[in-house]
1. What residues have an amide H closer than 5 Å to that of VAL60, excluding those fewer than 5 places away on the same chain, when H is modeled at 1.01 Å from N in the peptide plane?
2. Relative contact order of region 1-73: what whole-number percent is it, with Cα pairs under 8 angstrom and at least 6 residues apart?
3. Modelling each spin label as a point 7 Å along the Cα-to-Cβ direction, I'd like the GLU146/GLU69 distance in nm, to one decimal.
4. Can you tell me how much longer the chain between ALA184 and GLU130 gets when fully stretched, taken as 0.36 nm per residue apart minus their C-alpha distance, in nm with one decimal?
5. Given N residues in region 212-315, what is its alpha carbon radius of gyration divided by 2.2 N^0.38 Å?
6. Rounded if a/c is under 1.5, else prolate if a/b beats b/c, else oblate: with a ≥ b ≥ c from the C-alpha gyration tensor eigenvalues square-rooted, which is region 1-84?
7. Residues of region 50-115: accessible area per residue at 1.4 Å, in Å²?
8. Once ligands and nucleic acids are excluded and a 1.4 Å probe is used, how much of ILE5 is accessible, expressed in Å² to the nearest 10?
Amino acid sequence: MCEFITGGGLAAEALPESFVKEGTLMRNALLKDLAELDLFDITVMHDARLAVPKEAALGVKVEPGKFIERFAEAITQVDLVWLIAPETEGALLELSELCHEAEKLEDGPVFIGSGFDTMLTGTSKTLCFEALQAAKIYTLPVYAGEDLMQQADDKALAEHGKWVAKPEDGAGCEGIRLFDSLSALKSWIADDERYLHYLAQPYQQGVAASFSMLCRNGKAWLLSCNRQHIDCDGNQFRLAGVTVNGMLAYWQRFETIARKIAQMLPDALAYIGVDLIVDTENDKIYVLEINPRLTTSYVGLHQALGVNPAKLILDCVLEDKFVMPNFTKSNAVKNGLLQNLVEVQL
């Protein structure tokens, strides 16, 4: 398996402590669940500056400049590939394409992940917005930075008040900034031609939330309804933590959205994380992002569900007639499971 940050994806750069912490939490949670199954000899890629995790039967050390080469080699020498990577700069899309190509080979590995269309939709915030809109799922409008710079001042847009700038292919809170006005946002994206890589959305007040689900062949199975704890320091956001199943009251409504997303993305497979804003004042739920990979919420899933989530994901991918075990949301941990567990400094 390969978790991008700890697995050498930044081998040629300084390792941000906060990124390593979050990546290590997800990697270790998955490795613990896989080791519990006692079915695999696990190969783990690791940055040369970091230790090989104890669950690994084999460690693949990654030196600076060698990540893609080592990854491409490693995936041809295993039976299953489990990738955790951010959408940033197309990393998830590029690596998943290598996995899809390897899967086509005779005796190629099974990729525990979604198809190209879902990966592309998850990577591009613009494509994600267009897909959600076409599926009649509430979302927030997206304005390309370049389009905003070219058009004259729009009074209707300016009336939105606060605005958010996001990198087109960012992951999580990374690179997201809050502005008090559209003019302030435009001034910022004008510097260094940021408008070429950023988009803008009106800021939506509400409760930051997410859900985790399994997908296969256009079907969805909801795993958890989570509350995200997001701080805003100045004009930058950071994820302070997640309470897994902290939004259980919205289970039925989140489940409906999950099914719509699975129908919208028929090649979505295995674990999918979806970020949302719950506007409690107007009783609306807006989908912000679709993440076709493990998310921070996975760290608490085993305890929240009372079953091994890695087994659920593997069964979803490997079994032609997957049936979700009969656990109920009443088994979920409702309070404090992941609050303040993961802090990302931006």
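1. VAL44, MET45, HIS46
2. Normalised by residue count, the contact order of region 1-73 is 39 percent.
3. 3.4
4. Gain in length upon complete extension: 16.9 nm.
5. 1.08
6. Oblate.
7. Here the per-residue accessible area is 51 Å².
8. Surface accessible to solvent at ILE5 totals approximately 20 Å².
The values are calculated or read from the model by the stated rules, or taken from the named source; none is laboratory data. Quantities reported herein were computed from a predicted structural model and do not represent experimental measurements. Ideal geometry is used to build each Cβ from the backbone, glycine not excepted, and the neighbour counts take in all protein chains shown. The area values use the complete protein model at the heavy-atom level, side chains included, leaving out ligands, DNA and RNA. Shrake-Rupley method; radii C 1.70, N 1.55, O 1.52, S 1.80 Å.
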